[in-house]
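A short write-up of the structure that comes next.
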Amino acid sequence: MKRAGFTTRWLPILLLLPQLAVIIVFFYWPAAQAVQSSFYLEDPFGFGSTFVGLDNYTYLAQSAEYAKIARFTLVFTILVTFFSLGLALLLAVKADKVIRGAKSYRTLLMWVYAVAPPVAGFIGLLMFNQSWGPLTELAKSFGWDFALGVNSTDTAAAMVLVSVWKQVPVNFIFFLSGLQSIPKSVREAALIDCSSAMRRFWDVTFPLLAPTGFFLLIINITYALFDTFGIVDVLVKGEPGNNPLTLVYKVYVDGFRGNDMGGSSAQSVVLMVLVLALTVVQFRLVERRIHYT
Amino acid sequence: MAQVTLNNIRKVYPNGNEAVEPLSFSIADGEFVVLVGPSGCGKSTLLRMVAGLEDISEGTLSIGDRNVNHVDPAERDIAMVFQNYALYPHMTVRKNIGYGLKNRKIPASEIEEKVQEAAKMLDLSQYLERKPSQLSGGQRQRVAMGRAVVRDPALFLFDEPLSNLDAKLRHQMRIEIKALQRRLGVTSIYVTHDQVEAMTMADRIIVLNSGRIEQIGTPAEIYHRPASTFVASFMGAPPMNLIEAQIKDGRVVIGGETPVASASGQGPVTMGIRPEDVEIGPTCDIPFTIDIVEELGAHRLLHGKLDGQDFTIHISKDTEAVAGPIRISINPEAVVLFDTKTGIAL
Ligand SMILES: Nc1ncnc2c1ncn2[C@@H]1O[C@H](COP(=O)(O)OP(=O)(O)O)[C@@H](O)[C@H]1O
Ligand SMILES: [Mg+2]
């Protein structure tokens with residue numbers, strides 16, 4: 001391969017500068033700020049701040065409410081990840097069988113991807129409208145008196161449902177292209193070697209999809225943890241009440257509603273550590289990922 | 001081991017393309033049949049219908065005494081070797097070879113025994129723990145063979161299994177596959193577009209052309225008695241010479257004068273003659289002009305014009321020749337005559 005070289009040393013640095021500037025201004029600087037303010041107690045009325053050391057963190061560690069939200073976030077993340085991956089895989093396997101239809105299928109499902117999270121949340125809000133939402137009606141026909149925003153289990157169910165709905169298309173596209181990149185002849189060889197479709201799926205198709213699956217797992221966990229903010233925000237209507245919250249939403253509620261900048265920052269730092277851990281896991285997996293040739 | 005019978009098998013793809021026109025033939029138990037023809041003539045389609053990977057549009061297929069039209073590929077008691085090997089990339093060589101057995105509820109100890117045996121037969125014993133990506137092309141080909149052999153099926157199907165290998169390996173594998181098939185005595189259908197493979201491996205050759213059978217015969221029959229100009233020019237390198245000639249008074253004449261063979265009838269005819277059935281020498285009767293001498297070491301090919309038409313002569317390395325006018329004679333025994341319009345042998 002031919003490599004293009006730079007004649008001066010300054011040009012590459014100059015070209016990198018805008019990108020570096022963006023990263024520093026929008027990522028590292030706020031992150032550093034968050035770490036710093038997590039050690040301070042800020043006066044709610046803006047009259048300066050006091051250094052309190054690790055107080056914000058010890059408070060978090062002892063807070064029963066925070067533990068409850070963390071537990072909910074864990075369950076929420078597991079449910080959203082499991083269902084959006086599972087459903088997408090199921091759909092992709094079905095779509096893959098009718099490869100011809102795959103294109104229209106793909107666009108049909110893909111448009112959901114273009115919906116911004118708050119809009120998805122808003123659509124969810126409409127679907128679950130107390131008096132005329134079609135999903136409320138549906139739930140009612142099963143004898144389930146669905147009360148979004150009032151009953152916390154119902155709100156949680158709606159949050160999971162909308163989040164899954166929003167994420168399925170992304171996973172679907174990845175799974176479908178993963179499936180379609182499995183050589184036709186390999187599947188045909190399996191067809192000759194094994195008469196059970198289920199067994200073929202678990203023995204051949206699934207392992208060959210594993211790299212895609214690992215990648216999507218990380219993406220989905222990150223999505224459930226962070227990107228569902230807009231959905232949660234719309235569904236709980238900014239009124240936490242006894243509604244379930246995710247950790248990210250709690251950061252927002254404490255920081256911007258409760259004006260507890262220190263506590264909110266400490267929570268942010270906890271989340272940052274979480275992201276860091278996920279990233280490490282992802283890189284480890286990518287490193288170990290088997291490259292089939 | 002089994003006999004295979006295709007009865008009026010036809011394939012029309014959903015897009016309306018008729019890839020295989022209704023055709024029938026049967027293969028004897030233990031026979032090695034090669035389907036040969038140019039790319040796109042329907043060889044793979046035919047083979048895949050036998051394998052069950054493609055629906056049979058019309059006709060009946062039986063393997064052994066069983067009609068298998070609607071039998072799953074895994075239940076047809078066949079094994080197939082694919083052009084790109086189609087190994088399971090995530091499985092070791094051992095698992096690749098054993099996978100088909102595992103699904104047939106064969107005890108693990110027996111599988112292991114059979115895998116070892118197949119691996120030994122194919123020189124794969126020290127690679128059993130490797131993944132396909134850690135093997136060379138030839139070794140992958142062997143694993144694909146192992147996967148087929150270990151199953152001890154009624155029928156082997158090969159779809160251009162050697163076309164991804166380099167020439168030397170191809171030659172070696174050709175001999176190995178043939179020897180293996182002889183030893184195991186498994187009925188085989190082998191698809192290739194390479195006429196050399198067809199000639200060297202087949203007990204019987206089936207020449208296909210755009211979804212139709214042109215000829216079925218032993219390699220010698222196909223080579224020496226082609227049923228059509230298509231077969232004549234497809235089989236053999238260089239192909240058979242085809243010369244437009246006339247039949248006059250019971251003789252085939254080229255260019256209005258030189259009689260080369262006797263024939264019945266009257267009028268235009270296409271005369272076929274293999275390049276090696278032509279001799280050169282000063283006492284010969286037909287004038288010929290050499291344009292190019294192609295030196296091939298073991299022999300030489302003389303390309304030139306006979307009665308203004310392209311013509312190739314094969315001579316041994318001991319016969320000298322230079323470009324320019326010479327005289328040739330054609331072995332009348334070896335002449336094949338074809339209908340000029342239809343191309344079918346007379
Ligand atoms: N799935 C398909 N749908 C429509 N036409 C096909 C399909 N597969 C193959 N064909 C066509 O059928 C003909 C025979 O194909 P194939 O059997 O693959 O030829 P070969 O193996 O002899 O090269 C070709 O014209 C090819 O384009
Ligand atoms: Mg083919």
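The values are calculated or read from the model by the stated rules, or taken from the named source; none is laboratory data. Everything quoted here is computed from the prediction, not taken from an experiment. Neighbour counts run over all protein chains shown; Cβ positions are idealised from the backbone, glycine included. Surface areas here come from the heavy atoms of the whole protein model, side chains and all, with no ligands, DNA or RNA. Shrake-Rupley method; radii C 1.70, N 1.55, O 1.52, S 1.80 Å.
The residue that is nearest to ligand 1 (Cβ to nearest atom), counting only those in the stretch B:125-179 that are β-branched (Val, Ile, Thr) and buried (at least 18 other Cβ atoms within 10 Å of the Cβ), is B:Ile177. State whether the residues of the stretch B:259-266 include one that is in the same structural domain as B:Leu180 (by TED's automatic domain parsing), of a type in the set (Ser, Thr, Tyr) and open to solvent by 10 Å² or more (accessible area, probe 1.4 Å). No, the stretch B:259-266 has no match at all.
Of all residues in the stretch B:66-82, those that are more than 7 Å from chain A (Cβ to nearest Cβ) have Cβ atoms under 9 Å from Cβ atoms of residues that are part of a strand (DSSP E or B) and open to solvent by 70 Å² or more (accessible area, probe 1.4 Å), 6 or more apart or on another chain, in B:Arg76/B:Arg66; B:Asp77/B:Arg66.
The residues listed here are B:Thr319, B:Thr289; of these, the one that is open to solvent by 20 Å² or more (accessible area, probe 1.4 Å), farther than 16 Å from B:Pro238 by Cα, outside any strand (DSSP E or B) and outside the structural domain of B:Ser228 (by TED's automatic domain parsing) is B:Thr319.
The set of residues in the stretch B:27-58 that are over 17 Å from the mean Cα position of the chain (by Cα), open to solvent by 10 Å² or more (accessible area, probe 1.4 Å) and more than 13 Å from ligand 2 (Cβ to nearest atom) comprises B:Ala28, B:Asp29, B:Gly30, B:Gly52, B:Asp55, B:Ile56, B:Ser57, B:Glu58.
Residues in the stretch B:62-87 that are open to solvent by less than 30 Å² (accessible area, probe 1.4 Å) and within 16 Å of ligand 1 (Cβ to nearest atom): B:Met80, B:Val81, B:Phe82, B:Ala86. Quick one: would you say B:Glu197 is more than 14 Å from every other protein chain (Cβ to nearest Cβ), farther than 30 Å from B:Gly211 by Cβ and not β-branched (Val, Ile, Thr)? Spelling it out, it is not the case that B:Glu197 is more than 14 Å from every other protein chain (Cβ to nearest Cβ), farther than 30 Å from B:Gly211 by Cβ and not β-branched (Val, Ile, Thr).
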